[in-house]
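Below you'll find the structure, written out as structure tokens, and then a few comments.
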Amino acid sequence: MGRKDRKEREIKRDNYATKHSAAKKKETLIAIAVLSVIAVIVGYAGYMFVNMTVEAPGGPENAGALGSEHAHAAILVKIFGDEFDFSAPAYQIKSPWIHFESRDGTTIHKHATGVELEYLFNSLSIGLDDQCYVFPDGKAFCTTDEYSLKYFINGEAMSDIRNYNIVEDDRILITFGGETDEQIQEYQTQLDNQEIMK
């Protein structure tokens, strides 16, 4: 009986080891298959994102394909000396063509040719023309005899910036109030010292 019991125990042990080994192999193969499928999906999605060449619906009228350009510009908006905060969630990535991102409110990211600043401000629900800067809540700051809206691109005064197409490392200053030339220069220095996030 001892030999028979021992033989049965050996067979049970071998069967258990074989079953356990087979189960482990099966689990490993399933895990590898699932991870492989996930890797393929992520790789394909990444490839499609990098190589987007079609226009997405709702884009700017004269814009090139997404990815046709990648330019960055610094911006500073001062209303009566207070800085407008584009880092708030309400102003982050409202359009794939041109936007603010990564909780940064000082760098404009443009992802296609032909995208003008007017499109950026429209996507943020901010009204902008040669006379007025209008907040999303409707509060307007318009040029009067006492106060004026001023635009500067790379230190040069502009009458209107709606049709401007940013290029790499541009610096855009928008002010409203009764600033002196010295205050404008202080704002320009602040803008020049801003880091452009790339």
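Where a number appears in this text, it was derived from the coordinates with a stated rule and is not lab data. Just so we're clear, the structure is a prediction, and the values are computed from it rather than from any experiment. A quick note on method: Cβ atoms are made from the backbone with ideal geometry, for glycine too, and the neighbour counts reach across all protein chains shown.
A few points about this structure:
- Rounded to the nearest 20, the Cβ-based charge dipole of region 71-193 about its Cα centre (Lys and Arg +1, Asp and Glu -1) stands at 500 debye.
- Restricting the GluC sites (Glu not before Pro) of region 100-139 to loop positions (DSSP other than H, G, I, E, B) with no more than 10 neighbouring Cβ atoms within 10 Å leaves nothing.
- The Stokes-Einstein estimate for region 71-193, based on a Kirkwood radius over Cα pairs and taken at 37 °C with 0.692 mPa s viscosity, is a diffusion coefficient of 227 µm²/s.
- Using a cutoff of 8 angstrom between alpha carbon atoms and counting only pairs six or more residues apart, the relative contact order for region 71-193 works out to 30 percent.
- The listed peptides 145-151, 35-41, 93-99, ordered by packing as a protection proxy, come out as 93-99, 145-151, 35-41 (highest mean of other Cβ atoms within 10 Å first).
- Cα-Cα over 25 Å, subset of Lys110/Lys139; Lys110/Lys150; Lys78/Lys139: Lys110/Lys139
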